[in-house]
Amino acid sequence: MTKIVKLLCLSCMISHAAFSQDCASVYLGTKTLYAAPEQKSTALPGGYTPVFINHIGRHGARHLTKEVKKTSAWLLLLKADSAGALTKTGQGLKQMVLALDKVETDHIESISAEGKAELKAIGERMQLANSNLFGQSLKINIGITNKKRTKQSASAFLTGFKAKSTISKYIDDTDLRFYDLAPAYLEFEQQGPWIPLFDALQKEERFEQLSKELAGKIFTADFTAQLSAKQLKKMTTEIYGFASIVYSLQAEIEEAGLKTSDLNFRSLFSCDELERLGKIDDASDFFKKGPGMDVNGIQVRIAVPLLINFITTTDEFITTGKYDLQLRFAHAETVSPFAALLGISSADQATQDYKMISSKWKAASVAPLSANIQWILYKKANSTDYLVKVLLNEKDVHISGLETKTFPYYNYRELKNLYLTKLKIWGVKLNDDMSLYLKEISSK
């Protein structure tokens with residue numbers, strides 16, 4: 001058995017069980033490990049078979065995207081250690097960070113063994129659920145971003161396929177990393193109208209006090225008193241991030257000769273504190289990547305290039321049959337706004353009441369690691385009509401504003417018209433230059 005296969009098997013065996021009794025796993029937000037769906041597929045209307053799959057997936061469970069020793073938390077620990085200002089707990093945290101650095105060496109920005117296992121399993125289930133389509137030699141087109149974890153994710157996903165295939169690959173940042181290419185959106189992230197609501201939520205969840213209390217566990221009182229509220233919050237956020245990433249790294253921790261207890265960042269927080277940090281993290285994603293205060297806001301409209309790409313590639317299949325599968329691998333910032341834009345009912349509920357966020361939207365359900373959205377297109381012999389089923393994380397979904405008598409199957413023409421109407425309201429056409437669209441998009 002090869003080393004990578006051993007790691008995949010090890011990850012499958014221990015990753016979901018390691019923290020089964022740990023309250024922290026409930027509050028991981030977008031770092032939640034992917035869970036295979038339990039629902040059974042609804043029977044197709046008579047005579048219809050799958051003919052095309054249009055897909056967007058988030059990269060799999062991953063390593064950190066920033067070197068451990070470049071984080072503010074590590075630099076503060078070093079400074080405090082030099083000043084003799086680390087408590088016993090602080091010394092323990094320093095050792096945990098060093099252990100994490102050992103695990104992460106040479107792996108920054110890569111997907112983990114857990115991520116590879118997640119994606120392979122999704123590919124396997126896609127093939128099993130659409131066996132008629134996969135019974136032929138497939139033509140597959142794969143879009144990725146300029147981040148290596150999306151290329152790695154595409155490769156892992158394909159290991160779940162047994163069908164013979166011809167594969168084309170391309171990099172497409174316009175359709176898949178639109179959030180980095182829109183100046184007005186980047187300004188919205190920093191200065192948007194959502195910030196006062198987010199500040200109010202942080203205040204209600206006592207984030208500043210939580211951060212001071214965490215620092216009090218790690219540093220002496222004199223050292224803590226020298227730190228600004230901004231420094232304390234950033235350190236808390238990074239340590240919470242360390243605690244969250246450990247769930248994705250079980251096989252790598254084992255491979256590094258370490259135990260999960262060597263990276264027990266979770267021990268620095270109570271369950272109540274983890275819940276509060278989880279709410280804050282979810283709210284940030286909700287406002288900046290989800291339906292937020294307005295489901296027609298810029299944080300959703302930036303996903304228009306991807307919607308147009310879904311429509312045009314589906315139409316291309318209907319017209320030419322060029323590809324059987326259109327796969328894409330990108331990021332949480334891609335999947336989350338796209339889910340809202342599509343009108344997926346569990347992902348498009350906006351609110352201006354921050355106390356209602358947790359009842360309307362959950363990052364763990366919309367954009368966990370390996371999150372995915374699929375359009376499965378179906379056709380009946382001797383018919384020009386197509387049905388389409390929309391899946392979020394392999395689960396049937398309702399589309400807001402669209403009726404069907406054959407749920408979860410919608411008439412494709414009606415689905416397309418729903419989106420064309422939305423685009424028309426925004427003054428967007430299918431043949432518009434999307435690079436220009438992103439440059440000129442307004443937050444209003």
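Annotations for the structure displayed:
- If you go through the range 153-183 and keep only what is closer than 30 Å to residue 436 by Cβ, touching a Leu at 6+ places or on another chain (Cβ under 9 Å) and either open to solvent by 30 Å² or more (accessible area, probe 1.4 Å) or hydrophobic (A, V, I, L, M, F, W, C) (or both), you end up with 154, 173, 174, 176, 178, 180, 181, 182, 183.
- Any hit, the range 311-324, residues being open to solvent by less than 20 Å² (accessible area, probe 1.4 Å), touching a helix residue (DSSP H, G or I) at 6+ places or on another chain (Cβ under 8 Å), at pLDDT 95 or above and not in a helix (DSSP H, G or I): yes
- Filtered residues of the range 241-264 (kept if open to solvent by 20 Å² or more (accessible area, probe 1.4 Å) and part of a helix (DSSP H, G or I)): 254, 255, 260, 261, 262
- Taking the criterion of being among the polar types (S, T, N, Q) and either over 18 Å from residue 365 (Cα atoms) or loosely packed, with under 12 Cβ neighbours inside 10 Å (or both), the residues of the range 23-49 that qualify are 39, 41, 42, 49.
- Matching residues in the range 265-298 - criterion: being open to solvent by 40 Å² or more (accessible area, probe 1.4 Å) and either closer than 14 Å to residue 358 by Cβ or hydroxyl-bearing (Ser, Thr, Tyr) (or both): 267, 270, 275, 279, 281
- Checking each residue in the range 113-128 for being in contact with a Leu (Cβ under 9 Å, 6 or more places away or on another chain) and over 15 Å from residue 60 (Cβ atoms) picks out only 127.
- Taken over the range 1-55, the criterion of being aliphatic (A, V, I, L, M), at pLDDT below 50 and assigned to a helix (DSSP H, G or I) is satisfied by 4, 5, 7, 8, 10, 13, 14.
- Some residue of the range 326-334 being in a strand (DSSP E or B), of a type in the set (Phe, Trp, Tyr), in contact with a strand residue (DSSP E or B) (Cβ under 6 Å, 6 or more places away or on another chain) and surrounded by 17 or more Cβ atoms within 10 Å (Cβ to Cβ): yes
- Options 125, 149, 206; residue that is of a type in the set (Lys, Arg) and surrounded by 20 or more Cβ atoms within 10 Å (Cβ to Cβ): 149
- For the range 151-179, a tally of residues being out of contact with any Gly (no Cβ under 9 Å at 6 or more places or on another chain), more than 18 Å from residue 308 (Cβ to Cβ) and either at pLDDT 95 or above or among the polar types (S, T, N, Q) (or both) returns 6.
- The number of residues in the range 231-278 that are within 30 Å of residue 351 (Cα to Cα) and in contact with an Asp or Glu (Cβ under 6 Å, 6 or more places away or on another chain) comes to 1.
- Per the listing 98, 93, 186, the residue uniquely modelled with pLDDT of 95 or more, within 30 Å of residue 280 (Cβ to Cβ) and under 23 Å from the mean Cα position of the chain (by Cα) is 186.
- Some residue of the range 364-386 being among the charged types (D, E, K, R) and either in contact with a Gly (Cβ under 6 Å, 6 or more places away or on another chain) or at pLDDT below 95 (or both): yes
- All conditions in (1) without any contact (Cβ under 8 Å) to a residue 40 or more places away in the chain; (2) over 18 Å from residue 74 (Cα atoms); (3) assigned to a helix (DSSP H, G or I); (4) within 24 Å of the chain's Cα centre (by Cα) hold for residue 233, with the sole exception of (2).
- Extreme residue, farthest from residue 152 (Cα to Cα), among residues of the range 60-89 that are open to solvent by less than 20 Å² (accessible area, probe 1.4 Å) and in contact with a strand residue (DSSP E or B) (Cβ under 6 Å, 6 or more places away or on another chain): 85
The values are calculated or read from the model by the stated rules, or taken from the named source; none is laboratory data. These numbers were taken from a predicted model, which means no experiment stands behind them. We place every Cβ from the backbone using ideal geometry, glycine too, and count neighbours over all the protein chains shown. For the accessible areas, the whole protein counts, side chains as well, though only heavy atoms, and no ligand, DNA or RNA atoms are used. Shrake-Rupley method; radii C 1.70, N 1.55, O 1.52, S 1.80 Å.
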